[in-house]
Structures are given as structure tokens and as C-alpha cells.
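Okay, so here's the structure we're looking at.
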Amino acid sequence: MKLKLLKRILAAGLMLTAGSAFAAGELHIYNWGNYTNPEMIAKFEKANDVKVTLDGYDSNETMLAKVEQGGSGYDIVVPGDYMIAIMIKKGLLEKVQPNKMSNFKNVDSKWVDVYWDPGREYSIPYQWGTTNFTVDTSVYKGDINTLALLFDPPAELKGRINMLKDMNDVINAGLRYLDYPRCNSDKAQLKSLNEMLVKAKVNWRTMDYSVIEKLTSKDVDLSQSWNGAAKRARKDRPELVYAYPREGFTGWMDNVAVLKGAPNLENAKKFINFMMTPEAAAMTSNFANYANGITGSESMMNEDLVSAPEIVMPASAPAPEFVPPCPQEVTDLYAKIWTNLNK
Amino acid sequence: MAEIATNPARPASGIDLRYQPGFTQIAWFCLAVLYAPIAVLVAYSFNENRSVMVWTQFSFDWYARAWNNEGVQHAAWISLQVAFLAMLFSTVMATMAALVTTRTPSFRGLNLSIAVINQPLMVPEVVTAVATLIFFSIIKQATGVAGIGYLIAAHTAFCIPFAYMPIRARLEDMDLSLEQAAADLYAPPFKVFRRVTLPLMMPGILAGAMLAFIVSLDDVIITLFVAGPGETTLPLYILGQIRRGVTPEINAVSTVFLGISVVLVTFIFLFGKNRQ
């Protein structure tokens, strides 16, 4: 009895301060900051009479920390590929079975059987891209499609390189350059990787996330980069060319998924189905500047996006590799190499 | 901070630091380190192009963009709402706490009480943040109640010590003679409080309130963990932008908020001065 009364008082108190919603339903989306097209949200709101709230996070890990305890109040999250795998394992995602929804036919078949969600029982593609590097071709005129530019650079590029401050991106590129397997726990191979990275670091100017600023301010002439950032940097510095190294490179994909215990499950399912329409996917791409994995969306995408070599891979490039999360022992070894490299 | 502003009677200690060799240079160096990045941020908010590093031309474009950005508007509104309510609640509680710890005869556990009030200053913020997240998550799941009330409660909690310090400093500076005189003239205790104590401690309360407001406006870590759907504050909004690239729009918003902070700090300073 007492508890019930307390609940009511609490509810009344909190309701007073909570924002009121006039639409029939609600949907709470938690996505990376500056990654959701407001027009796309408006379209969904209008079609379904739903009031959407949108909040942004800065990393997969922030998002995980916040929703892991449950009761976060969010319905939709947009985790990266490996984070989907982790969240499914932890039982944090609702099995909404997008593969049985009416718009699933639009999902490009190559994005259905992915390692993080085989058969797409939990999630659908949102945006995908690659992590490579982009080079000013007026500074370096040779062949750019090789990782040697990062790890054994020609004289023109020495001291003119920015690497991403991201352990996996740097180490995986190093492993590919040495032709060693990913998720590597071979001590001898890691030792030579470590030596190679330490030697290469002498030629790096910075290790920083702010790729666009580094490139457009001409602080560096080559930067490891996500493809979307490379495209945006090219706008201000047209000599930049995005490389597709023949040794291989990392692909990544962010995916729309529903949290277990989502307060607005039905609306969340509607949103998943909506996000598989070519219109919604194109709107997202036009805003976020990445490819989306929904067939039929290209015709509605901005011309500069469809023709961008950063977004549309040339046929000669190898297929992007999606690296699953490595076992803890490997991550620990990587962390040692990474700490040593950052000294 | 506020204590310096409201406490001019520093004990004289033999030597005057201001006349030690190198004082001026060190002071200027520290000021430069503190303020140069802020000056750069402000300057680039008026830059015409997208880069936050290359200067091209003076313009108010980014201010206009920020003004028209719904995300920024919403986040700013949430920030102001939370900061205002947290300021209100924490100042009331801090005032009561300051009265108890200075205007009552010493009681057992007085020092303990002061330590508990100031606890949010001593515990690393991330510990408080995670603890609050788990605690609120349990409440939310048990009651099914959500809302911005949680965020305001969390902000109120960590704002209390900031509001408490200047109020207590003010009370400790006020000597008891006026209150005793009022009591001698048969004013009942509540009337003494209303007509004598409260007006005298007002500068301390205002300084404490403004400090609480700014601290709440600034907070990232606790807010990051506690904020629910639709409760993105401005600092969180800015944080969310970082991975996808910061534009001078953020500089513009930061400059506006810097302006608000400066105005408030100036007020605190003036209130501190008035009473001399």
C-alpha cells in the first residue's frame, strides 16, 4: 500500500517536470551525435503520428555504459558492428526480426549474413564505410594504394602523416602491412609489429581524430581517415585522393537496433521497417555522407555522394574486412603495443 | 573561488607575495595558459569558413546557424531549465545547511555533517556518476517512472556544496551582535531570521546560487550517465559532435555560454564588493 502511494507521489512529481507529448506515441532514439537527418525524423513522425526524441553519444562505449543497466528509456540505438555482437551476447537487444519485415527485401544481400548479426535477427544497416587514408597527390605523385605510405613513407611524406588515435585501426593496418592475421596473439609476430610501428612513428607528425582539420589546415599531407571525413576534407583540398591499399583495409557498419525493454516497442519496430525504405536510407546518407546498404537508395542520393570515390569503391579495390572483436588476451597484448607506441 | 571574492580580510603573513621576484611573470604566464585557448575559441566563432583552424573572413554565419539549429536550441533550453531548478533547490538546501552549521550551538557530529555536505567535492565525479546511474536505473525499473526529475535531482546533489561554501563563509563573517540586538528587542526567532539574518546573508546566497548555476550548466560526466531520452544538455550535445567533426557552430554556442558565465561571475564579484 505504502509503496503504491510513494510510487504515485513520485510519478506525479516527475510527470510535472517531464515534457508533455501531444502525439499519439513516442520514440526515443539514441544515435551518434550529428548523424541523424532531422528531415528523415520529421517524415517518420508525420507518417506514424509519433513524437521522436533524439540524443547523441560520442562512442559505442558511452552508449553501452548508459544502456547496460537497463531503464535508460531509449528504444533505438545505432551501435557499430562489433558492438552489436557484444550487445547481442549480453542480451541487451530485442530480437525484433527485421528479416521478417515488409521492407527487408530492400537490404542489399551482401549485408544480410554479417558476422555481428547473421541473418539479421536484431539489426539493419544504417551507414557503412571504410577506414583507409587520404593523400595529397600534388605532394606525393607515386602509387598511393599501398600501406607502405603509412609505415615506410617516401621522403615527401616523412613527418607529414597523421594517424587516427585508434588502437584497432592502427594495429590492424600494421598487421595487414606485415601480412599477419588479425586478432593475433602470436608473440613473435606481435614483437615485429611493435618494432615496425615504433620505427614508423618517427615519420608521423600526429595521432589525432581531427582528420579534416589536420588536412585542410595543411598541417599534414596524408592522414589515416574514415571515408566520409576524407570526402569532406577533399572539398577544401581537391588534391586529396582516398587510397584503397591492396594489402586490405577495415570496413565498419553502424546498425539500427532495438533495446531490450524498449518502452515503445511497436514504434521502434515501425522505425526499423521505415529505415529499410530507400527514401529513408537516402535521406540518412545525404546527411551523414556515407553509403547505406539499402538497394534503390542511390537514385535519391546527392550527386556528389554517388560519384564520390570515397563512398563508391572502385572495382579494383579489395573487399573491406570487418574485424570481429578479439579475445581479451589479444586485446591486452594490443593495449601494451598501443601504450608503448603512445609513449 | 567565491571565498576569495567575499573575504578581503586575508591574514597578513609577514611577506607580501606580490613583491616576490618573478611574481608578475608567473601570474601573466598562468593567465595566458588559462585564457589563450578560450580566446582562440571565441575568435574562430567569427570565422567564415568551416575549419576551426584556418582564418578566412569575419562573419556571424555560425551564430545564425547555431541559432537556427533545433538540436542546439533544445539542448540549450534543457541546460537552462536544469541549471535553474538545480540552482533553486540546491541553494535552499545549502542555506539551511549553512544556518545549521554556523548558527546553532556545536553539536555532536557537526564536523561529520560538514564533511557529508561537501562530499560531492571529494569523491571523483565519475564514481558519483556511475553510482547515480545504477541507483536511478533501479528506481526507474521498480517504479516505471522516468523524466527529467532524475537529472535535476542529480544536479541538485552536486550543486549543494558549491552553493554552501559562499553562504557559510558569509555567515561566519557576520558577527552575532545584530541578531542578538534584535532578539533583545523581543523579536521572535523567525522574525530575527527574516528581518536581520536573511538580508545580511543575501550576498552569500546570491553568490552561492550563481556558482551552483554555473556548475550545473557545465557538468558533463554526471549528466552523461543520468540524462534520459530528450534530455541532452548543451555540453552533452557538443560532446556528441566530436567524433563527426566539430564546426565553428560549437564555437559560437560556447562563446554565448561563456558570455553568460562571465556575466554571472561579474555579478558574484559585485555582490562580494558591495558589502564592504
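The values are calculated or read from the model by the stated rules, or taken from the named source; none is laboratory data. None of these values were measured; they are calculated from a predicted model. Cβ: placed from backbone, ideal geometry, glycine included. Neighbour counts: every protein chain shown.
Every residue in the range B:209-236 that is more than 9 Å from chain A (Cβ to nearest Cβ) and not in a helix (DSSP H, G or I), please.
B:ASP219, B:VAL220, B:THR233
Taking B:ILE205 and the conditions (1) within 29 Å of B:GLY147 (Cβ to Cβ); (2) of a type outside the set (Phe, Trp, Tyr); (3) within 14 Å of chain A (Cβ to nearest Cβ), which numbered condition does it fall short on, given that it satisfies the others?
With (1) within 29 Å of B:GLY147 (Cβ to Cβ); (2) of a type outside the set (Phe, Trp, Tyr); (3) within 14 Å of chain A (Cβ to nearest Cβ) applied to B:ILE205, the lone miss is (3).
For the range A:249-279, name all the residues that are assigned to a loop (DSSP other than H, G, I, E, B), within 27 Å of B:SER137 (Cβ to Cβ) and either among the aliphatic types (A, V, I, L, M) or under 16 Å from the mean Cα position of the chain (by Cα) (or both).
A:ALA262
Of the residues A:ALA243, A:ALA230, only one is out of contact with any helix residue (DSSP H, G or I) (no Cβ under 6 Å at 6 or more places or on another chain), within 14 Å of chain B (Cβ to nearest Cβ) and surrounded by 19 or more Cβ atoms within 10 Å (Cβ to Cβ); which?
Details: A:ALA243 fails: within 14 Å of chain B (Cβ to nearest Cβ).
Of A:ALA243, A:ALA230, the one residue that is out of contact with any helix residue (DSSP H, G or I) (no Cβ under 6 Å at 6 or more places or on another chain), within 14 Å of chain B (Cβ to nearest Cβ) and surrounded by 19 or more Cβ atoms within 10 Å (Cβ to Cβ) is A:ALA230.
Would you point out the residue of the range A:71-94, among those that are assigned to a loop (DSSP other than H, G, I, E, B) and touching a strand residue (DSSP E or B) at 6+ places or on another chain (Cβ under 9 Å), that is farthest from A:PRO278 (Cα to Cα)?
A:SER72
Give me the residue from the range A:76-86 that is over 18 Å from A:PRO263 (Cβ atoms) and of a type in the set (A, V, I, L, M) and, out of that set, surrounded by the most Cβ atoms within 10 Å (Cβ to Cβ).
This residue is A:ILE84.
(1) over 19 Å from the mean Cα position of the chain (by Cα); (2) within 14 Å of chain B (Cβ to nearest Cβ); (3) crowded, with 20+ Cβ neighbours inside 10 Å: which one isn't true of A:LEU193, the others all being true?
Every listed condition holds for A:LEU193 apart from (2).
Restricting attention to the range A:158-176, which residues are polar (S, T, N, Q) and under 15 Å from A:ALA230 (Cβ atoms)?
Hit for the range A:158-176 is A:ASN162, nothing else.
Just wondering, is there one or more residues in the range B:193-211 that are farther than 22 Å from B:VAL92 by Cβ and surrounded by fewer than 24 Cβ atoms within 10 Å (Cβ to Cβ)?
Scanning the range B:193-211, I find no residue that is farther than 22 Å from B:VAL92 by Cβ and surrounded by fewer than 24 Cβ atoms within 10 Å (Cβ to Cβ), so the answer is no.
Step by step: first the residues of the range A:53-75, then only those that are of a type in the set (A, V, I, L, M) and either within 19 Å of B:ILE221 (Cβ to Cβ) or buried (at least 24 other Cβ atoms within 10 Å of the Cβ) (or both), then the one that is nearest to the other protein chains (Cβ to nearest Cβ). Which residue is that?
Among them, the one singled out is A:ALA65.
Select the helices (runs of 4 or more DSSP H) contained entirely in the range B:81-149, then report the ones holding at least 2 residues which are surrounded by 13 or more Cβ atoms within 10 Å (Cβ to Cβ), free of Cβ contacts under 8 Å to residues at least 40 places away in the same chain and not aromatic (Phe, Trp, Tyr).
Here the list reads B:110-117, B:125-143.
Answer with yes or no whether A:GLY228 is outside any strand (DSSP E or B) and closer than 28 Å to A:TYR30 by Cα.
Working: outside any strand (DSSP E or B): yes; closer than 28 Å to A:TYR30 by Cα: yes.
So A:GLY228 fits the description; yes.
Looking only at the range B:21-79, filter to residues that are of a type in the set (S, T, N, Q) and touching a strand residue (DSSP E or B) at 6+ places or on another chain (Cβ under 9 Å); which one of those is farthest from the other protein chains (Cβ to nearest Cβ)?
Filtering the range B:21-79 for residues that are of a type in the set (S, T, N, Q) and touching a strand residue (DSSP E or B) at 6+ places or on another chain (Cβ under 9 Å), the one farthest from the other protein chains (Cβ to nearest Cβ) comes out as B:SER59.
Residues that are surrounded by fewer than 20 Cβ atoms within 10 Å (Cβ to Cβ) and over 24 Å from A:LEU259 (Cβ atoms): does the range A:91-102 have at least one?
No, the range A:91-102 contains no residue that is surrounded by fewer than 20 Cβ atoms within 10 Å (Cβ to Cβ) and over 24 Å from A:LEU259 (Cβ atoms).
Condition check ((1) among the aliphatic types (A, V, I, L, M); (2) closer than 30 Å to A:ILE88 by Cα; (3) part of a helix (DSSP H, G or I)) across all residues:
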| residue | (1), (2), (3) |
| --- | --- |
| A:ILE311 | yes, yes, no |
| A:PRO314 | no, no, no |
| A:LEU333 | yes, yes, yes |
| A:ILE337 | yes, yes, yes |
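With respect to A:ALA47, determine if the residue is more than 28 Å from A:PRO325 (Cα to Cα), away from every other protein chain (no Cβ under 12 Å) and out of contact with any helix residue (DSSP H, G or I) (no Cβ under 7 Å at 6 or more places or on another chain).
Yes: the conditions hold for A:ALA47.
For the range A:139-186, name all the residues that are touching a residue at least 24 places away in the same chain (Cβ under 8 Å) and of a type in the set (Asp, Glu).
Of everything in the range A:139-186, those that are touching a residue at least 24 places away in the same chain (Cβ under 8 Å) and of a type in the set (Asp, Glu) turn out to be A:ASP152, A:GLU156, A:ASP166, A:ASP169, A:ASP179.
Kindly provide the set of residues from the range A:308-321 that are modelled with pLDDT of 90 or more and surrounded by fewer than 17 Cβ atoms within 10 Å (Cβ to Cβ), ordered by number.
A:PRO309, A:PRO318, A:GLU321
Can you name the residue in the range A:280-296 that is touching a Gly at 6+ places or on another chain (Cβ under 9 Å) and assigned to a helix (DSSP H, G or I) and is also surrounded by the most Cβ atoms within 10 Å (Cβ to Cβ) among such residues?
A:ALA281
Report whether or not B:ALA75 is within 15 Å of B:ILE148 (Cα to Cα), in a helix (DSSP H, G or I), at pLDDT 90 or above and not hydroxyl-bearing (Ser, Thr, Tyr).
yes
Within the range A:160-190, how many residues are assigned to a helix (DSSP H, G or I), surrounded by fewer than 18 Cβ atoms within 10 Å (Cβ to Cβ) and hydrophobic (A, V, I, L, M, F, W, C)? Steps first, answer last, please.
So the first thing to find is which residues in the range A:160-190 are assigned to a helix (DSSP H, G or I), and the list is A:167-177, A:187-190.
Still in the list and also surrounded by fewer than 18 Cβ atoms within 10 Å (Cβ to Cβ): A:167, A:187-189.
Right, trim to hydrophobic (A, V, I, L, M, F, W, C) and you get A:167, A:188.
Residues that pass the stated criteria total 2.
Quick one: is A:ASP208 assigned by TED's automatic domain parsing to the domain that holds A:MET163, touching a strand residue (DSSP E or B) at 6+ places or on another chain (Cβ under 7 Å) and crowded, with 23+ Cβ neighbours inside 10 Å?
In short, no.
How many residues does the range A:231-248 hold that are outside any strand (DSSP E or B) and under 12 Å from A:GLU310 (Cβ atoms)?
Going through the range A:231-248 one residue at a time, the tally reaches 6.
In the range A:203-211, is there at least one residue being more than 14 Å from chain B (Cβ to nearest Cβ), assigned to a loop (DSSP other than H, G, I, E, B) and of a type outside the set (Asp, Glu)?
yes
For the range B:244-251, indicate whether the set of residues that are acidic (Asp, Glu), out of contact with any Gly (no Cβ under 8 Å at 6 or more places or on another chain) and within 14 Å of another protein chain (Cβ to nearest Cβ) is non-empty.
yes
Mind listing just one residue for me: the one in the range B:123-145 that is in contact with a helix residue (DSSP H, G or I) (Cβ under 8 Å, 6 or more places away or on another chain), under 20 Å from B:ASP218 (Cβ atoms) and of a type in the set (A, V, I, L, M, F, W, C) and, of those, nearest to the other protein chains (Cβ to nearest Cβ)?
Ranking the qualifying residues of the range B:123-145, first place goes to B:LEU133.
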